[in-house]
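The block underneath contains the structure these notes are about, expressed in structure tokens.
The values are calculated or read from the model by the stated rules, or taken from the named source; none is laboratory data. Only a predicted model underlies this, so the values are computations on that prediction, with no experimental measurement involved. For neighbour counting, all protein chains shown are included, and Cβ atoms are generated from backbone atoms with ideal geometry for every residue, glycine included. Side chains included, ligands, DNA and RNA excluded: accessible areas come from the protein's heavy atoms. Shrake-Rupley method; radii C 1.70, N 1.55, O 1.52, S 1.80 Å.
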Amino acid sequence: MKKYKLSVLFTAAVLLCSCGEASSETAEAKPYDPNRREVTILAYPSLSDGTDKNAVSFTRLEDDLKTLKASGSEAVLVNDLIRFVNYDGELPEKPVVLTVDDAKLNCLTKLLPLAEKYDVCFSIALKGDKAEHASDDAAPEPEHSYLDWKDIYALRESGRFEFTNSTCSLYTDTGRHGCTRLRSEDEREYRRLLYGDVFRLQRLCDECCQFKPNVFVYPLGYTDKAAEEVISECGFEATMTIGKGTNIIKKNKPETLIDLKRQNRA
């Protein structure tokens with residue numbers, strides 16, 4: 001996937017978020033529709049102040065949050081989008097969803113204080129195996145260790161974080177692209193594999209933190225027809241992948257919550 005400089009991407013995101021203001025100047029051509037929202041979703045693959053070249057530093061993230069505030073955009077959760085579409089909920093005029101794909105311990109030690117400082121919220125993709133084994137780490141380090149179940153519970157209780165399902169173990173790019181089907185894989189075997197993986201994480205979240213994710217994030221952004229067919233049968237109210245541009249969501253149109261595009265921030 002082609003990578004773009006953070007500053008360029010964020011500027012583009014802000015311009016896209018500002019489209020509501022542009023429309024107000026040409027109201028006759030495009031009148032305001034309270035039943036419709038344009039939503040930008042930003043994807044941070046990982047956050048780190050270390051040497052990880054694929055991660056975004058917390059300093060640069062904080063710059064993003066300052067720019068977001070200055071633009072008049074407001075951070076919301078995917079569940080806010082779901083409530084707007086399916087349950088007659090409300091949304092600000094310029095909503096932005098901030099997503100993180102690596103649920104490391106620094107989400108608790110560094111991201112939570114930033115969320116409180118700038119009054120924003122984050123959607124974090126859970127990978128079940130990493131959460132399950134996090135408690136085995138005798139000396140956890142925020143930059144390398146992952147959130148365990150008590151950490152996940154604490155972040156949810158803060159009211160500033162939601163957690164989405166991104167599979168238990170199908171999040172690597174070794175042979176299989178995310179949770180997509182291998183060419184050599186029997187369809188029945190593949191469906192059993194993906195169902196089992198997805199619902200294993202659902203059960204773990206329920207048993208350990210008393211919630212079941214209602215949003216699915218395709219690991220690494222990879223999708224195919226086989227994966228989409230299985231995920232569509234799992235009962236998720238929204239799904240997210242990777243892609244450019246904004247998303248148009250509409251009240252009473254649940255299909256507008258499927259395959260939401262997230263702009264890669266790395």
Open item on the list: Among the residues of the range 218-225, are any of a type in the set (K, R), touching a residue at least 40 places away in the same chain (Cβ under 8 Å) and either open to solvent by less than 20 Å² (accessible area, probe 1.4 Å) or not in a strand (DSSP E or B) (or both)?
Closed with: no
Task: Of all residues making up the range 226-241, the number that are in contact (Cβ under 8 Å) with a residue 60 or more places away in the chain, in contact with a helix residue (DSSP H, G or I) (Cβ under 7 Å, 6 or more places away or on another chain) and open to solvent by 10 Å² or more (accessible area, probe 1.4 Å) - done: 1
Open item on the list: Condition (residue is touching a residue at least 60 places away in the same chain (Cβ under 8 Å), crowded, with 17+ Cβ neighbours inside 10 Å and either in contact with a strand residue (DSSP E or B) (Cβ under 7 Å, 6 or more places away or on another chain) or part of a strand (DSSP E or B) (or both)) applied to the range 144-154: is it met by at least one residue?
Closed with: no
Open item on the list: Going residue by residue through the range 179-198, is there one that turns out to be in a loop (DSSP other than H, G, I, E, B), under 21 Å from T241 (Cβ atoms) and open to solvent by less than 20 Å² (accessible area, probe 1.4 Å)?
Closed with: yes
Task: Filtered residue count, the range 226-243, keeping only those that are touching a strand residue (DSSP E or B) at 6+ places or on another chain (Cβ under 6 Å) and not in a helix (DSSP H, G or I) - done: 5
TODO: Among the residues of the range 244-263, count how many are in a strand (DSSP E or B) and open to solvent by 20 Å² or more (accessible area, probe 1.4 Å).
DONE: 2
Open item on the list: Any residue at all in the range 51-58 that's among the small types (G, A, S), loosely packed, with under 15 Cβ neighbours inside 10 Å and modelled with pLDDT under 95?
Closed with: yes
TODO: Test C168 against the criterion of being open to solvent by less than 60 Å² (accessible area, probe 1.4 Å) and in contact with a Phe, Trp or Tyr (Cβ under 7 Å, 6 or more places away or on another chain), and give yes or no.
DONE: no
Open item on the list: Can you find, within the range 157-170, the residue that is nearest to Y222 (Cα to Cα) among those that are of a type outside the set (D, E, K, R) and more than 14 Å from the chain's Cα centre (by Cα)?
Closed with: L170
- [ ] Sort out which residues of the range 85-107 are in contact with a helix residue (DSSP H, G or I) (Cβ under 6 Å, 6 or more places away or on another chain), surrounded by fewer than 20 Cβ atoms within 10 Å (Cβ to Cβ) and either free of Cβ contacts under 8 Å to residues at least 24 places away in the same chain or of a type in the set (A, V, I, L, M) (or both), and write them in order of number.
- [x] G89, L91
TODO: Kindly indicate whether any position in the range 68-84 is modelled with pLDDT under 95, under 20 Å from the mean Cα position of the chain (by Cα), open to solvent by 60 Å² or more (accessible area, probe 1.4 Å) and of a type in the set (D, E, K, R).
DONE: yes
